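Notes to accompany the following structure.
The values are calculated or read from the model by the stated rules, or taken from the named source; none is laboratory data. Predicted, not measured: the structure shown is a model, and the values here were computed from it. Every residue, glycine as well, gets a Cβ built from its backbone with ideal geometry; the counts of neighbours run over all protein chains shown. We work out accessible area using only protein heavy atoms, side chains counted, and drop any ligands, DNA or RNA first. Shrake-Rupley method; radii C 1.70, N 1.55, O 1.52, S 1.80 Å.
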Amino acid sequence: MNVRKWCVEALYEICDEKIYSNLYLQHHLHQLNEQDRALASMIVYGTLQNQRYVRYQWEHMVKRLPDKRIMYLLDMSIYQLLFLDAIPAYAIIHEAVELSKQVQPKAKGLVNGVLRRFQREGERKLPKDEWKAISLRASLPEWIVQMWKSQYGEEACKKICESINQIHPQCVRVNVMKTSREKLMETGKYRCGCLSKDALYLEKGNAAESEEYKKGDISIQSEASQMVALWMDPQPNERILDVCSAPGSKAAHMAEHMHNQGLIVCGDIHPHRVELIKQGAKRLSLSILDAHVMDATKLEEVADAAFDGVLCDVPCTGYGVMGRKSDIKTHLNPSAMDTLIPLQYAILCCASKKVRPNGRLIYSTCTLNKKENEKQVMRFLKEHPSFLLQKEQTIFPYEHGTDGFYIALLLKKEE
């Protein structure tokens, strides 16, 4: 199949049918020749990451927006003209025009006219308003930039926006039961992380295709995400509950630090996601993960209330992982918080009942939003005086080149 035709369809499915970009590529990339897959991935992810900015370059040139697929064809063509220096401009424009004949023949003249005008005039000037310009450059809606500015201050907000589109190498977690970071470093394929003691960055290639991954020596997990298990500090023979566990990265990380001794009850509300936990445990030869379908707002499936540690890595808006999951940008909607915030709090309150006296409770999200993070914990502590906040941290993506994350560690007092 033609690479760019495939990309147009991928963008349509991701943006309009709301299919996750990583899942779409996982299931459809095989339709392309092997030598074309890297370029296709780059075009799709790059267009999604910069979509608001690239559309700003051409939307003023048309009286009304064209067919959706033609819009995505223009988006990805402008992306290539701006960011992919290795491909000649004439080749990008020619292929876009030829492809438009297949997608919507009547749009051939529009596509040709828009792209040639962009080639002549160059990048469109950003608005004079500093924050409008920052929002566009980062391809983010203004409301989220204003929210970050209000919550974290101007300087931190600017740094978040600057870092949001940066591409980072793949991060992996060392399986401490099988090997060490130092031993894997000797292969020359990895460099050390700077936040998690178990983190390594793969300099080139795909970790999932490596021998280390197949042997269970490593798992793919962002460095910020790894900090959750490290903050829990699980010990051998402890009993841990992970209420929103799928796909199971944090549960597996805790199990490795427990040297596969003890018990981790973990689950998810969706059966197919519970299967992902089980598959991960099997790959890593972990037998202490007891995975179930469970509703984290009720936990009727978990009778025990004496866990040494309980982890609530709750569903969230995901604003901290937009650098890695660019389709989140495509579907940003402030109203998502209206549903998620009550759900997060219900999960936290329910899970807290399963912590034994002197036990640990972790609340974490992969988002940058104080309403979902600090304010949730503040409210919980006010309404649950039997818990104390030991520490909390917001990990900003610009600090360590990793995801944005929030983690809070709470301790339950003696009865």
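Numerical summary
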| item | result |
| --- | --- |
| Calculated FRET value between SER150 and ASP233, using beta carbons and R₀ = 35 Å, to 0.05 | 0.55 |
| Candidates PRO141, PRO169, PRO88, ranked by Gaussian network fluctuation over the chain, Cα under 10 Å, top entry | PRO88 |
| Net charge contributed by nearby residues that have their C-beta within less than 10 Å of LEU99 (K/R +1, D/E -1) | +3 |
| Rule-of-thumb Rg ratio for region 376-415 [Cα; 2.2 N^0.38 Å; N residues] | 1.47 |
| Amide H within-cut-off set for VAL310, under 5 Å, with H built and near neighbours excluded | LEU241, ARG360, LEU361, ILE362 |
| Region 155-278, relative contact order [Cα under 8 Å, separation at least 6], % | 22 percent |
| 222 nm mean residue ellipticity, helices alone, for the chain (DSSP H n ≥ 4; -39,500 (n - 2.57); rounded to 500) | -14000 deg cm²/dmol |
| For region 167-315, alpha-carbon Rg over 2.2 N^0.38 Å | 1.03 |
| For region 30-86: rounded, prolate or oblate by the Cα gyration tensor [a/c cutoff 1.5] | prolate |
| Length added when fully stretched, GLN102-ALA305, from 0.36 nm per residue minus Cα-Cα | 66.9 nm |
| Backbone HN-Hα couplings from phi across region 288-301 [Karplus 6.51/-1.76/1.60, Hz, Gly and Pro as x] | 8, 7, 9, 8, 9, 6, 8, 9, 5, 8, 10, 6, 5, 7 |
| DSSP bridge orientation in the chain - percent antiparallel, rounded to nearest 5 | 55 percent |
| Loop-located GluC sites (Glu not before Pro) in region 170-264 whose Cβ has at most 12 other Cβ within 10 Å (DSSP) | GLU186, GLU203 |
| Computed E for LYS189/HIS292 - FRET, C-beta separation, R0 25 angstrom, nearest 0.05 | 0.10 |
| Solvent exposure of region 129-216 as accessible area per residue, Å², 1.4 Å probe | 51 Å² |
| Separation in nanometres of the label points that stand 7 Å from Cα toward Cβ, at LEU343 and LEU23 | 1.4 nm |
| Positive-end extreme of charge dipole, the chain - chosen from GLY205, LEU84, LEU284 (charges on Cβ) | LEU84 |
| Solvent-accessible area, 1.4 Å probe, carbon plus sulfur percent, for the chain | 50 percent |
| Length-normalised contact order for the chain - Cα pairs under 8 Å, 6+ apart - percent | 13 percent |
| Inter-centroid distance (Cα atoms) of region 116-162 relative to region 347-415, Å | 31 Å |
| Whole-angstrom gap from region 1-50 to region 184-218, using each part's C-alpha centre | 26 Å |
| Debye log10 I(q)/I(0) at q = 0.06, 0.07, 0.13 Å⁻¹ for the chain, Cα point scatterers | -0.28, -0.38, -1.16 |
| Fraction of alpha-carbon pairs over 18 Å apart in region 286-390 - percent | 53 percent |
| Cα-Cα over 18 Å, subset of LYS178/LYS282; LYS370/LYS391; LYS149/LYS391 | LYS149/LYS391 |
| FRET efficiency, 1/(1 + (r/R0)^6) with R0 56 Å, evaluated for LYS128 and LYS214 via beta carbons | 0.55 |
| Net charge dipole size for the chain [Lys, Arg +1 and Asp, Glu -1 on Cβ; Debye, nearest 20] | 1100 debye |
| Gain in span if fully extended, PHE83 to LYS204, counting 0.36 nm per residue against the direct Cα distance | 41.5 nm |
| D (Stokes-Einstein, µm²/s), Kirkwood Cα radius, region 208-263, 1.567 mPa s at 4 °C | 108 µm²/s |
| Relative contact order [Cα under 8 Å, 6+ residues apart], region 267-367, whole percent | 37 percent |
| Largest-first principal axis extents of the Cα set of region 70-217 (Å) | 61, 42, 23 |
| Lysines whose Cα lies under 21 Å from that of LYS5, excluding same-chain neighbours fewer than 8 positions away | LYS18, LYS68, LYS101, LYS106, LYS108 |
| Added length on full extension, which subtracts the Cα-Cα distance from 0.36 nm per residue, GLU414 to GLN31 | 132.0 nm |
| Spacing of the two label points (7 Å from each Cα toward its C-beta) at ASN112 and GLU142, in nm | 3.8 nm |
| Estimated inter-spin distance, THR179 and ARG120, nm [label 7 Å along Cα→Cβ] | 5.7 nm |
